[in-house]
Structure formats: structure tokens, C-alpha cells
Amino acid sequence: MFKRKKTVDTQVLPYMKSKQRRYEALVHAFHADIYRYAYWLIKDKAVAEDIVQETFLRAWRSLDSLKDNQAAKAWLITILRRENARRFERKQFDTVDIEDVSVFDETMSAEQEVQQRELRRLLASLSEEYREPLILQLVFGLSGEEIAAQLNLNKNTVMTRLFRARNQLRESLEKDDALRGRHNG
Amino acid sequence: MDELEFRRRVYANPDTTDAEVVKAAQQDPGKRAFWNEQKKLDRDLKQAAKVEIPDDLAHKLIWQQSAYEFARHKRRSRWYMALAASLAFTIGLSFTLFTRQPLNLGNEVLAHMVYAEDEQAHSAVPVDLRQVNAKLASFGASFTDMIGDVEVVNYCHLQSVRSLHLILNTQQGKMSVFVVPNRDDISLPDNFADDRYHGQGVHMQRASIMVVGHKNANLLPMLDNVKQRIQFST
């Protein structure tokens, strides 16, 4: 029995090491984008981080099923969406409003910072059906087809949603400008 | 391309390389301006979407994976340990129970015979009655008369039971006589045999006698001989 275990170990160790390396590469390559996607989907930092942790743990457990490294991004997005859906099955969390989250980038001017905060507020205010495809495009640079495949929609629906999302953003920005103009004038 | 379709395509993807969109923009400065404006907005949006990543998120993700793997491994080895421990316990317990059974000395005697075969007399001088009785004394017994041509008399241990072993030359080849003290935790079979030897036992007042000889030897004369000549002190 011990002899057998030993021979298995000598096979298992290099396998575990290469799996470990592959996992770490996956983490480094995608954790930032996956977190941002989770954040915009959930609009809560702590919950987003939890979901990202669960996503990567699940990814580790089924890493062997990821045959094609090119598909890693889509694969992770799929896992994350599933984990997020599972969260709703369990319990609805209270999410913090996006405006409570302040993000400072010291290289930005005050004006840019105001604009960025405004854009974030507007992004967060989009309904989920518009926000999600837009974030997939902005964060991961996915094409219309890829977003359609990910969200299980047809491409035209995705294009329409992207169009409406941007249209809404633009209208809101124009409204802001008009308001600001009135204040200034 | 009309204005609405142009806007629709640019809104859907400001980074589009659609030839028709490009051509329409080249022909119409108004469309070009709109597109550039959208590209700028998109850059800003991309920037805005880049929220700050929690400190050390990558390390946390790698750490939680190793912790998970470690816990899993530990669980697994704990399971092995539990199994090994319970096996060891079971073996230990059954061994103890098994050995607490009364010792059956028949097989012990037969095993002993194999070694006794090679045993040499300690001296060329034949063993006399006095020597035999001196050793028998510790069993509270003595022979009234010599029981035959005793070649060797010696103590031996049958499964930790101290016994006296006499090897005799008889007309039927070598025979062994064992004198074994009576004890509660040992049992002596009346008859026992393997493929080379067989033996017969008799229980007496303070000790048991076993006579062992080659397979075809008649043991009864020797057994009677010993029974008649052995005496136990009271």
C-alpha cells in the first residue's frame, strides 16, 4: 500500500506543480479584469471580492477542464456569472450605492476626477441588461459575438443594448452639461 | 448611410473598423466629429470602468487556493490516519484476544521436534537417573527407575511454558518425552500429529506427559513406561 502511494506521488507532484503554475498565471492575467467585471455587475466591493474568490477557487478545482488557454477569459466570465447567479439563489445582499465608493487616482486633475466620478455614477445607474454587455465590452474588449455568446443572446440584441447604453450615457451627460451651463450662466 | 444607422453602429462599437462607417465618416465632417466624440467618451468610460483592485487580490487568490489544497490534503491524510489507527487497534485487539486463548502446546511440541532432531548430547557419558531426577525436581516429580536410554535431558520453553524435554533412543528410533507443568492457561491435546511426527499426551496429578515419536512409532509402551515410573511428591 505504501509502495503504491509513493509511485503515485512521484507522478502527482510534477502534475500538481504545473497545475499550480498554470493557476497562478491565470490569476495574474485575469484577476484585475475579473474583479472589475464583478464589481460593475454587483456594485459592491466586498461582495465582488467574495465572488471573485469563489470564482477562482472553482476555476482551480476544474482547471483540468480548461483545455484551450485562449478560452480562459470567456471561461472565467462564465464561472463568475454562475457564481453570481448562485448568490441570488442563496440570498439577496444589500449593496452599497456606487457613489459611496471613492476612487482616487493621484495623477488625475480635479476636473478629470469629477468627470470620472460622474461617469462611474452613470455607468452604475444603467440597468443591468445595458450595463453588463457594456462592461464586457469596456473591460474585456469582447466583440458583439463574444458578448452574445456569453450572455446567451443573439448578436443584434447585444448591439441594440450597447447602442442604448451609450445613448443613455450620452443623454445623461448632455443633461448634466445643460444643468451645469445653467448654474454657471 | 443615414445618420441613424451611422450612430447605431458607432454606439454599438466606437472602435468599429466597419468599412461603411469609415467611408461615411470620411464623406461627412459632422459624422466624423460625432465619431471622434464617441471615441473619446469610450476612452473615458474605459478609464472609469477601471476601478481600483483590492490590495494584494492576486496573492489572496493564490493563497486561498493553497489553503484549500492544504486543507483538502489534510482531510484526506486524516482519513488515512484514522483508518490506519483503527486497523492497528483491531489487529492489536484481536491479537490480544487470540493469545488469551489457552495455549495449545501440541503444535509447539511438533515445531520443537524439528530442532530437537539436531540436538547433540552434552557429553559422551549417558545421562543417569540422578541427573534426570535433579531436573524433574522442579516439577515436583521424580522417576523411580530409569525409563530407558536417555540421551538428552534439558529444559525447553514451549510458548513460554518451561518444560522438561528428554530424548531417548528406543527400538523405534528416537522418542521425546515432555514433562509440562499443569497450568490454567495451557491445554494439551491427547493426540497431535504433523507429516513427520505424532504425539500422545496424558494428564497427571501435577504435570502432563507427552510422548512424541516418528510417524509410525507406537508410543503407548513409552507412555505406560513413563506413567508407571513417575512419582509426584505431595
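The values are calculated or read from the model by the stated rules, or taken from the named source; none is laboratory data. Treat the numbers as computed from the prediction; the structure is a model and nothing was measured. Counting neighbours? That spans all protein chains shown, and the Cβs are built from the backbone with ideal geometry, glycine included. What goes into the accessible areas is simple: the full protein's heavy atoms, side chains included, and nothing from ligands, DNA or RNA. Shrake-Rupley method; radii C 1.70, N 1.55, O 1.52, S 1.80 Å.
Worth a mention:
- Listed by first and then second residue, the pairs linking a residue in the range B:37-60 that is at the interface with chain A (Cβ under 7 Å from one of its Cβ atoms) and in a helix (DSSP H, G or I) to a residue that is modelled with pLDDT of 90 or more and surrounded by fewer than 16 Cβ atoms within 10 Å (Cβ to Cβ), with Cβ atoms under 7 Å apart and 6 or more places separating them unless they lie on different chains, are B:Ala58/A:His28.
- Taken over the range B:21-34, the criterion of being part of a helix (DSSP H, G or I), away from chain A (no Cβ under 12 Å) and under 25 Å from A:Glu171 (Cα atoms) is satisfied by B:Val21, B:Val22, B:Ala24, B:Ala25, B:Pro29, B:Gly30, B:Lys31, B:Arg32, B:Ala33.
- Test: B:Asp18 is open to solvent by less than 80 Å² (accessible area, probe 1.4 Å) and either within 13 Å of another protein chain (Cβ to nearest Cβ) or at pLDDT below 90 (or both): yes
- Of all residues in the range A:34-74, those satisfying the criterion of being open to solvent by less than 20 Å² (accessible area, probe 1.4 Å) and not hydrophobic (A, V, I, L, M, F, W, C) are A:Tyr35, A:Tyr37, A:Tyr39, A:Asp44, A:Thr55.
- Being within 23 Å of B:Gly148 (Cα to Cα) and either exposed (fewer than 14 other Cβ atoms within 10 Å of the Cβ) or outside the structural domain of B:Val132 (by TED's automatic domain parsing) (or both) is true of B:Asn191.
- All positions within the range A:113-129 that are under 14 Å from the mean Cα position of the chain (by Cα) and either farther than 13 Å from A:Tyr39 by Cα or open to solvent by less than 20 Å² (accessible area, probe 1.4 Å) (or both): A:Leu123, A:Ala124
- Residues (facing chain B (nearest Cβ under 9 Å) and hydrophobic (A, V, I, L, M, F, W, C)) located in the range A:60-73: A:Trp60
- Residues of the range A:134-185 classified as outside any helix (DSSP H, G or I), among the aliphatic types (A, V, I, L, M) and surrounded by fewer than 20 Cβ atoms within 10 Å (Cβ to Cβ), total: 1
- Here is the figure for the range B:26-45: residues that are under 23 Å from A:Gln116 (Cβ atoms) and either open to solvent by 100 Å² or more (accessible area, probe 1.4 Å) or outside the structural domain of B:Arg9 (by TED's automatic domain parsing) (or both) total 1.
- If the condition is being of a type in the set (A, V, I, L, M, F, W, C) and in a loop (DSSP other than H, G, I, E, B), then the range B:138-172 contributes B:Met146, B:Ile147.
- Within the range B:221-233, tally of residues that are open to solvent by less than 70 Å² (accessible area, probe 1.4 Å), in a helix (DSSP H, G or I) and in contact (Cβ under 8 Å) with a residue 24 or more places away in the chain: 4
- The set of residues in the range B:1-12 being open to solvent by 50 Å² or more (accessible area, probe 1.4 Å) and free of Cβ contacts under 8 Å to residues at least 24 places away in the same chain consists of B:Met1, B:Asp2, B:Leu4, B:Glu5, B:Arg8, B:Arg9.
Each row is one residue, and each column tells you yes or no for (1) farther than 18 Å from B:Asn107 by Cα; (2) aromatic (Phe, Trp, Tyr).
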{"position": "B:Asn133", "(1), (2)": "yes, no"}
{"position": "B:Thr144", "(1), (2)": "yes, no"}
{"position": "B:Arg162", "(1), (2)": "no, no"}
{"position": "B:Leu166", "(1), (2)": "no, no"}
{"position": "B:Phe178", "(1), (2)": "no, yes"}
{"position": "B:Ser187", "(1), (2)": "no, no"}
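- When B:Tyr68 is tested against (1) surrounded by 12 or more Cβ atoms within 10 Å (Cβ to Cβ); (2) within 13 Å of chain A (Cβ to nearest Cβ); (3) more than 27 Å from A:Ala48 (Cα to Cα); (4) of a type outside the set (Val, Ile, Thr), exactly one condition is not met: (3).
- Here the condition is being outside the structural domain of A:Trp75 (by TED's automatic domain parsing) and more than 15 Å from A:Arg81 (Cβ to Cβ); of A:Glu128, A:Glu132, A:Glu118, it holds for A:Glu118 alone.
- Of the residues making up the range A:104-113, one or more are within 21 Å of B:Pro54 (Cβ to Cβ), modelled with pLDDT under 95 and in a helix (DSSP H, G or I).
- Some residue of the range A:12-20 being surrounded by fewer than 10 Cβ atoms within 10 Å (Cβ to Cβ), at pLDDT below 85 and more than 10 Å from chain B (Cβ to nearest Cβ): yes
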